[in-house]
Every structure is written in structure tokens, then in C-alpha cells.
2 protein chains.
Amino acid sequence: MPEISKRGMLMPNSPIRKLVPLAEAAQNRGCKVYRLNIGQPDLLTAPKAMEAIRNISANVIEYGHSAGNESLRRKFASFYEKIGVSLNYEDILITTGGSEAITLTLLTCLNAGDEIIVPEPFYANYFSFATAADVKVVPVTSNIENGFALPPISEFEQKITPRTKAIIICNPNNPTGYLYSWKELEQIRDLVVKYNLFFICDEVYRELCYDDNEIRSSMLLEGIDKHLILIDSVSKRYSATGLRVGVMASRNHDLLQTALKFCQARLCPPNIGQLAAEAALDSPPEYCEYIYNSFLERRNFLVKALNEIPGIYCPTPKGAFYTMVRLPVDDAEKFAMWMLQEFEYNKQTVMLAPGSGFYTTPGSGKQEVRIAYVLNIEDLGNAMDCLKRGLAQYPGRV
Amino acid sequence: MPEISKRGMLMPNSPIRKLVPLAEAAQNRGCKVYRLNIGQPDLLTAPKAMEAIRNISANVIEYGHSAGNESLRRKFASFYEKIGVSLNYEDILITTGGSEAITLTLLTCLNAGDEIIVPEPFYANYFSFATAADVKVVPVTSNIENGFALPPISEFEQKITPRTKAIIICNPNNPTGYLYSWKELEQIRDLVVKYNLFFICDEVYRELCYDDNEIRSSMLLEGIDKHLILIDSVSKRYSATGLRVGVMASRNHDLLQTALKFCQARLCPPNIGQLAAEAALDSPPEYCEYIYNSFLERRNFLVKALNEIPGIYCPTPKGAFYTMVRLPVDDAEKFAMWMLQEFEYNKQTVMLAPGSGFYTTPGSGKQEVRIAYVLNIEDLGNAMDCLKRGLAQYPGRV
């Protein structure tokens, strides 16, 4: 047969690929599996979005504009204005989820063989998007001890080579929940200006910042309009991950014009999703509070519960709905498999995302797992019970 | 500012980019513009799809499976079985439109720098997808004189180099409406086996074949299961282009497993679209006949009307809803611009897609335009009136 492409062979397997069949087997033997491994919240999708879907008046679902429907682009511009960010609708492209926004950005900004610097642990799919685009990911390692704060900017500077074209961060961060400070953003700003790089800022969790932390969008940074690309999405803010509606925004119109050519090739983003997203952006404050308060309550509950389990270290995440946790185990992936394969308590167990999947530096994150607090408090409580008892029994405990 | 990527700079502009502002200006001065340039039919989207959207019961629009919802994959398998094609649901990946299916196929099958052979004129976005994937498009020119039949297979063979990895065709064809014969498909089959290539067959217009021509899917070819990739979509069959639901199918599971890794990175296809597509696949025969008969009637009307206009040559397309037409003009793009800028009849004019946008061989298609018969008969009649009168007045007539 003809050979598969090299980039195909380089694409990483899902970090949970070994766990999925084990979770299914556990369920098949009647064991409830609490899935803390994936960013799929159980919260209601914005009712306004559902209403728009149910009341759709069109009888022909046509192609939309390749840049996204203008009404939706204008609605996003108003949305950003409310958080103090001035963007014209022409600064905004609608994409098929934040995923496509990242792919478009990589294709537009980086050549095959170019390098992108990212603080690790990082969202695992960044590596996949980069591999698909023949781009090399260069990690700068952050540490659980200081809650995964931005590593010293000198470490980024040391990684810069003639092939470096961009820095990407996720703020607030998936997988760590860390919220970058304004000072940290300014440090990156100064670096991208000094070395003439692009700065890609993924803010899909922007509205989820806790403890009175002010979230300031990277779009408020001055002097880098030509460098800055904002990635956004309705997935998390409106609990509507399946709509696949995201945003790529920039005040650099040469860049957007080029990105639009890639958009034209794929014709348009999903149109029912756009309709729903536009309605979701009109959600009343009560809905946004429901989302916010649900995650805040879960975070407070989860972090306390985790830190009460002997041997676990969990920094307090300031945003998003994840936390990276250090477990007292030899190998977090082995432990995660053991929990599904060998353990159950009251016919229940948990599924965790092994931390190593969020690092590219070999050996990193071996004792860590990412936990998504996407379940209700009762389920989270049961899951923590399982985790505590599992750790107590696990033969590879250290 | 940092430089845009080379692939971004190589991405083609839309072949109608010069026409769009002219069409808008014409409309702004009160002139009706019949848009024959785009494959957006005015026909009703499958009512079953609209019903499924309006009756959605879920209150959380979650991520679906990266391979597509299993129920939809199984529905497609049954659909193919009805046309005599045996495919298991595991042979099928659901994609974000046929567009993504092509991108995934290129990324999975070809390395950066590899070559793909395509008969030209071809769907212009193939070139864009290839450019985004750093793949080189190698055209083999077909001719209007024989209705754009497959060029002699020896011409394909001459273009094969050590970098050739695949052949792609669209059957029935966009932009020509040509329906490849079984014998032609077998010639390609023999060639891909001889040179160990992939064969990508884009059949998004499969159900639109006229004049008692039997359409036989490439999936019925024997002996190339490891080579063959089918591209499909619900866009045209159910007049639902904005749903963005397509298919990449193959019996080569190594290939699909690799494609799935690209799918996992982007999480899932749009979920409301999948719901609607699944319902659309259950459309009664009456709906499919409505679509089929509408296009058949339009084709018959259009081809006759075109060939009655002095100097026009229009072969009879056997499928899809396009025809490539030779006009008695110096330059079809100039003529298309002139029609929007300088001409109107009864406050009406037409928008045509210049033929050169469907060729990569320089100078080819200069007298040709692609016409999509996506308007009702009355509008088509008015459009043909305009075209006839425009040609009579056009100063660059030859």
C-alpha cells in the first residue's frame, strides 16, 4: 500500500488512548466512572442559544461568509467592547471552534520548519496543530511549586533561534488554571517586540477568573497590534463545545487578509452554530453568573478536597476549570490505568488525564494529572472519595 | 511587523475577488445580479434536517466523538449500502464539510513537497487545500471539445515523478459537470496500483447524474481498498451547504487511524450539523426527486438556452449542477467584470465565475466561464437574456 505521510506518523496519539478502553470496560462491568479527564462541562448550554436553534426561521441552510456572518462578527465586537477591548468587526474572523483559529494562525504566521515557544505544561492539541502545520513546538517549563507561573522571561529568550516566529500562551491556562499577571503579559509583549515575533493569546477561558483577580485581555497590551492574535471561543463561556464556533482576532489586517484566504478554501464556519453563538452572546448576566458560580463553587470544593488527601499537592488555580495536581505515585499514567482496571469503591472510580500528555520535555509531569472540575459537587465529592481510597491502596505509591 | 508565512503568501486569492465589489456596486445602483458564479442552490434544505434542528431535545451541546457521532457514521454506512457500496461505519470519518475531508486526506497521505495529479479544470479550492498542506498540484488538461472527458491516461502517466503520491478527481465533476465513465475510473485504478498511489475520489455530487447515466461509485472498484479515499458531503444532496458535514471514507484503516489523530486535535465536527445530517439521510424519495428534478429541469433549460446564444459553446453536462462554457470573448474575466460594471438590461445583469480560476496552466480557460444552475427557471431565463444581450454589446467580442 502507499505510505502514510510523515506528518501523519508524527501526530501524537491521544494521551488518554490507553485509558479509554479501560474506562469502557469498567462501565461494562457496572462501575460508574467519574470523568475528570476532559473539558466537557455538564452545565446547561446558554438557553438563548438553544432557543435560537429551536426557532430557526430559515428553510435553506446556506453557505455563510468565509469570514463568518457579519452580524456575529459585529456581536463579538460589542462583546469585547464591554470588557474594554476595542475591536472592529473587521478585526474578527469566525472560525470552526478555537481549534480552527489556532490552525489558521499557525498556517498564516509560521512557515514549515519554524518554531513556536510555549510554556509547558500546555494544551496538548497545540502540539498536534503544530505538527499538522510542520511547526516545531519549543517548550519552556513552568513549575507546580509556584502554581505554574510564567517562567523567567530570560528562559524564553534563551530558546529564541532564527526560526522562532511566535509565542503562544493560554490565559487563564489549560491545563494549569494559572492566570498570567499583567506584568507577565508585558514581559511577553516586550520580548515579541524585541525579536519581532507573533504573540498568540488563547483566551477561551477568559470569563472564568476567581478570587477577585482582574482579567485583562492581551488585546489591551499597547504597541503590539501587528504582533498579537487573539484566540477565542463560545465553547466554554456558554457551555456549547459542540457548536464549534471560535474567533481569530487581530488588528493586523495583512495577517487577517491572509488568514481569510485559508477560510475561503473551507467556505464557511458551521452556520447553525453561528446562529446559536450570536444568540448566546446576548445571554443575560444571570446565565453568566450561573456558569461562573458553578465553576467557582466546584473549584473551591475540589482544591480543598484534593489538598486534604495525604500526599497530594494542588496549587489553587485562579482561572479556567482545570487544575494540575501532583500525586504521591510512581507514574501518574500507570495510576490512572490502575484506577480504571484494578480499583473500585462502591462500584465507582475516576478517570484522570496523565500529566505527561501536557509536556514535551521527556520525563516531565510524570507524577501529575490534570483534573477538570466539570462535574457537580456531589459527583466531585464521590470522585474525591475514590481518589483518596485509590491512592491509599495503589501499590506504586511513593 | 513579523512576516506573513510563505504558504500564506502562496494561497490564491478568490477567482471572483475582483467581481465581488462590482456586484455589490451594481446592486447598490438598483441592478439585480443573477449569481451564476457560486454553488449555493436556492432549493429547500431537507425538511427532515430542519425538523431535527427545531426539535432538538438536548440542553447541552457537548463535544461529539472526534470520528463523528457513531449513529451518523452508521447511517452513512446504510446509505452507501443502498447504492451497492459496502462500507462499515468504521470505514467512515465525519468531517466539517467535504472541505475538511480533503484537507485531512492530504495531510494524512502526502508529505510537504509531494505532488498530486488532477485533471483540470478543477475545483479551485483543491489548489488552496494543497497549498495549505505544502503539496504541489500537477494538472492534466482536459478539453471542452470532448466535454472534458478524462485525458488519455498516458498523459497522467507522463506527469508521474518520484514525488507523486496521489490522484484526485471530482465525479461528477465540479466545474465541468462531466461524469467519468466506469472505464475511465478503471484506467485510474490501474495507474494508482501500478505506481502505488492514493486515489482520492470526491463524489459530493454523486446523486446528480442525468440522461440515464448510471453512477457507479469509485468505492465499487476492486483491488484498491488500500489506495482509495472517498470524499462525500451532505451539502449538495440535501441543499444544506451551511451545515458543514462531510465524510472521509476508506477501507484502509491505517490511513483512517492516522486521519483520526488530526480529527482528535480539532475535537469534533459541528454537532447540530451532525444531528441535522443524520435526519437528512432519512429523507423520503420525494425529497431526493425534488432535488434531482429541479436540477435536471434547470440543466435542460440552461444548456439549450446557452447553445442558442450565438458564439457560445456549451457541452451537455451529465452530472452535478455546473457547466463550463466557452464564450466568444477576448477574456472571460474582463467580460464578467464588464457585465457587472458597464452592462445592464432591464436593471438586471449576471455574475459569472471566470474559467481561468479553475486551471493552473497559464492562459488556460481564458474564454471559459463556469455557470452554476442554482437559480429557478425564471431567473435562469432572465439571466440568459442578459448574457445574450451583453455578449452582443461587449466590445471585446471575438
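The values are calculated or read from the model by the stated rules, or taken from the named source; none is laboratory data. These numbers come from a predicted model, not from an experiment. For neighbour counting, all protein chains shown are included, and Cβ atoms are generated from backbone atoms with ideal geometry for every residue, glycine included. Ligands, DNA and RNA are stripped out before the accessible areas are found, and what is left, the full protein with its side chains, is counted by its heavy atoms. Shrake-Rupley method; radii C 1.70, N 1.55, O 1.52, S 1.80 Å.
For A:LYS334, the aspartates and glutamates whose Cα falls under 19 Å of its own Cα, not counting residues fewer than eight places away in the same chain, are A:GLU24, A:GLU342, A:GLU344, A:GLU368.
Working from the Cα coordinates of segment A:49-280, the gyration tensor eigenvalues give, after taking √(5λ), semi-axes of 29, 20, 16 Å in decreasing order. Toward the positive end of the charge dipole of segment B:49-280, with +1 on the Cβ of Lys and Arg and -1 on the Cβ of Asp and Glu, the farthest Cα among B:THR108, B:VAL137, B:ILE56 is that of B:ILE56.
Debye sum, Cα scatterers, chain A, no solvent: what log₁₀ I/I(0) at q = 0.09, 0.10, 0.12 1/Å? Here the Debye-derived log intensity ratios amount to -0.54, -0.68, -0.98. Burial of accessible area (probe 1.4 Å, heavy atoms of protein chains only) in segment A:1-26, relative to its chain alone, reaches at least 30 Å² for A:MET1, A:PRO2, A:GLU3, A:ILE4, A:SER5, A:LYS6, A:ARG7, A:GLY8, A:MET11.
When A:TYR178, A:TYR290 are compared by accessible surface with a 1.4 Å probe, the order from highest to lowest is A:TYR290, A:TYR178.
Taking Lys and Arg as +1 and Asp and Glu as -1, the other residues whose beta-carbon sits under 14 Å from that of B:GLU297 total -2.
Couplings 3J(HN,Hα) of segment B:23-38, computed from phi: 5, 5, 4, 4, 5, 5, 8, x, 9, 6, 10, 7, 8, 9, 8, 10 Hz, in residue order, whole Hz [Karplus 6.51 cos²θ - 1.76 cosθ + 1.60, θ = phi - 60°; x for Gly and Pro].
When the accessible areas of A alone and B alone are added and the area of the pair subtracted, with a 1.4 Å probe, the result is around 5900 Å², both sides summed. Can you tell me what share of the DSSP beta bridges in chain B is antiparallel? A percent to the nearest 5 is fine. Among the beta bridges of chain B, antiparallel pairing accounts for roughly 45 percent. Residues of segment B:62-80 whose accessible area, computed with a 1.4 Å probe over protein heavy atoms, drops by at least 20 Å² once all protein chains are present relative to their chain alone are B:GLU62, B:TYR63.
With a/c under 1.5 counting as rounded, go ahead and sort segment B:154-287 into rounded, prolate or oblate using the C-alpha gyration tensor (a ≥ b ≥ c being the square roots of the eigenvalues; past the cut-off, prolate if a/b is larger than b/c, else oblate). Here segment B:154-287 falls in the oblate category. Comparing each chain alone with all protein chains together (probe 1.4 Å, DNA, RNA and ligands left out), the residues of segment A:110-137 losing at least 30 Å² of accessible area are A:ASN111, A:ASN125, A:ALA132. Computed over the alpha-carbon atoms, the protein assembly as shown gives an Rg to Rh ratio of 0.98, Rh here being the Kirkwood radius from the mean inverse distance. For A:LYS6 and A:ASP190, the FRET efficiency from 1/(1 + (r/R0)^6), where r spans their Cβ atoms and R0 equals 35 Å, is about 0.40. When you restrict to C-alpha pairs under 8 Å that are six or more residues apart and normalise by the size of chain B, the relative contact order lands at 25 percent. Angle of helix B:97-109 to the longest C-alpha principal axis of chain B, folded into 0 to 90 degrees and rounded to 10: 60°. Using the Cβ-Cβ distance between A:LYS183 and A:SER86 with R0 set to 25 Å, the FRET efficiency works out to roughly 0.65. This model, with +1 at the C-beta of Lys and Arg and -1 at the C-beta of Asp and Glu, gives segment B:49-280 a dipole about its Cα centre of some 500 debye.
Inter-copy label distances for B:ALA58: 1.9 nm (label point placed 7 Å from Cα along Cα→Cβ; shortest first). Computed over protein heavy atoms with a 1.4 Å probe, the accessible surface of chain A works out to 36 Å² per residue. Only protein atoms count toward the accessible area here, which uses a 1.4 Å probe; on segment B:49-280, the carbon and sulfur part of that area reaches 46 percent. For segment B:309-392, a/c is not less than 1.5, where a ≥ b ≥ c are the root eigenvalues of the C-alpha gyration tensor, and a/b does not top b/c. That puts it in the oblate class.
Exposure check, 1.4 Å probe, all protein chains in place: B:LYS366 carries approximately 100 Å² of accessible surface.
Convex hull over the Cα atoms of segment B:271-363, averaged projected area in nm²?
Numbers: hull surface 39.2 nm².
Across all orientations, segment B:271-363 yields a mean hull projection of 9.8 nm².
Figure note: B:ARG206, B:ARG74, A:ARG54 ranked by solvent-accessible area, largest first, 1.4 Å probe, ligands and nucleic acids not counted: B:ARG74, A:ARG54, B:ARG206. Within the full protein context, the accessible area of B:ILE160 is estimated at about 30 Å² for a probe radius of 1.4 Å. In this simple spin-label approximation, B:LYS347 and B:ARG397 carry label points 7 Å from Cα along the Cα→Cβ vector, and these lie 2.7 nm apart. Sorted from nearest, the other copies put their B:GLY396 label points 7.0 nm away, the label point being 7 Å from Cα in the direction of Cβ. For segment A:204-262, the spread of Cα coordinates along the three principal axes comes to 38, 32, 8 Å, biggest extent given first.
Using a ≥ b ≥ c from the Cα gyration tensor of segment B:8-132 (square roots of the eigenvalues), is it rounded, prolate or oblate, where a/c under 1.5 gives rounded and otherwise the larger of a/b and b/c decides, a/b for prolate? Oblate. Of the whole protein surface, B:ILE215 contributes about 50 Å² of accessible area at a 1.4 Å probe radius.
With an 8 Å cut-off on Cα pairs and a minimum separation of 6 or more residues, tell me the relative contact order of segment A:49-280 in percent. Taking the mean separation of contacting Cα pairs over the length of segment A:49-280, I get 29 percent. Remark on B:ILE229: its backbone amide H falls under 5 Å from those of B:PHE199, B:ILE200, B:CYS201, a criterion applied only to residues 5 or more positions apart or on other chains, H modelled at 1.01 Å from N.
For the residues B:LYS18, B:LYS165, a 1.4 Å probe over the protein chains yields an accessible-area ranking, largest first, of B:LYS18, B:LYS165. For A:LYS226, a cut-off of 26 angstrom between C-alpha atoms picks up these lysines, skipping any fewer than 8 places away in its own chain: A:LYS75, A:LYS82, A:LYS136, A:LYS159, A:LYS165, A:LYS183, A:LYS194, A:LYS261, B:LYS6.
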